[in-house]
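Engineer: Let me begin by handing over the structure; questions about it come next.
The values are calculated or read from the model by the stated rules, or taken from the named source; none is laboratory data. These numbers were taken from a predicted model, which means no experiment stands behind them. Note that we place each Cβ from the backbone using ideal geometry, even for glycine, and neighbour counts take in every protein chain shown. Each accessible area value is taken on the protein alone, full model and side chains, heavy atoms only, with ligands, DNA and RNA left out. Shrake-Rupley method; radii C 1.70, N 1.55, O 1.52, S 1.80 Å.
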Amino acid sequence: QVQLVESGGGLVQTGGSLRLSCAASGRTFSNYAMGWFRQAPGKEREFVAAINWIGNIYYADSVKGRFTISRDNAKKTVYLQMNSLKPEDAAVYYCAATISARFYIRGEYDNWGQGTQVTVSS
């Protein structure tokens, strides 16, 4: 198991930027693929971006070109740089970890953080 703690959420205007961080503790971080998901009120939790142990990356179509996922294995931290934010990006953002090769699938994740709120004002 790995424990995950997100930070960096907050209130930003449309077009602004935020950088989310997810600090991991526990077992070997570098063995895990890491993902970011988000859940808006009344909606299902959806995939945003993921990066595996060798740096392969997937993005949801809705965030391609605006969001960037990265990881620092020495710091056991994964980041989500969010630029050109839109009101529809507002949600609780969750960090998650998996050892599965199918790291682009939400159901493959079994370690979750508590979430951090992102609010985008129009």
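Engineer: When the chain is fully extended, how far beyond the present Cα-Cα distance does ILE57 get from GLN117, taking 0.36 nm per residue of separation?
Structural biologist: Numbers: separation 60, 0.36 × 60 = 21.60 nm, distance 2.33 nm.
In short, 19.3 nm is gained.
Engineer: Could you point to the residue in THR68, GLY10, PHE29 farthest towards the positive end of the chain's charge dipole, with +1 and -1 charges on the Cβ of Lys/Arg and Asp/Glu respectively?
Structural biologist: Of THR68, GLY10, PHE29, it is PHE29.
Engineer: With the other protein chains left in place, how much accessible area per residue, in square angstrom, belongs to the chain at a 1.4 angstrom probe? Numbers along the way, then the final one.
Structural biologist: Values: 6140 Å² over 122 residues.
Per-residue value: 50 Å².
Engineer: Return the carbon/sulfur percentage of the accessible area of the chain, one whole number, probe 1.4 Å, all protein chains in place.
Structural biologist: Details: 2920 of 6140 Å².
C and S fraction of accessible area: 48 percent.
Engineer: Express as a percent, rounded to the nearest 5, the fraction of DSSP beta bridges in the chain (both residues included) that run antiparallel.
Structural biologist: Details: 38 of 42 bridges.
Counting only bridges with both partners in the chain, antiparallel ones make up about 90 percent.
Engineer: Ok, one more. What is the chain's relative contact order, in percent, from Cα pairs under 8 angstrom and six or more apart in sequence? Spell out each step's value before the answer.
Structural biologist: Details: 304 pairs, mean separation 44.4, N = 122.
Once normalised by length, the contact order is 36 percent.
Engineer: Report the label-to-label distance for SER84 and ARG19 in nanometres (one decimal), using points 7 Å from each Cα along the Cα→Cβ vector.
Structural biologist: With each label point 7 Å from Cα toward Cβ, the separation is 2.0 nm.
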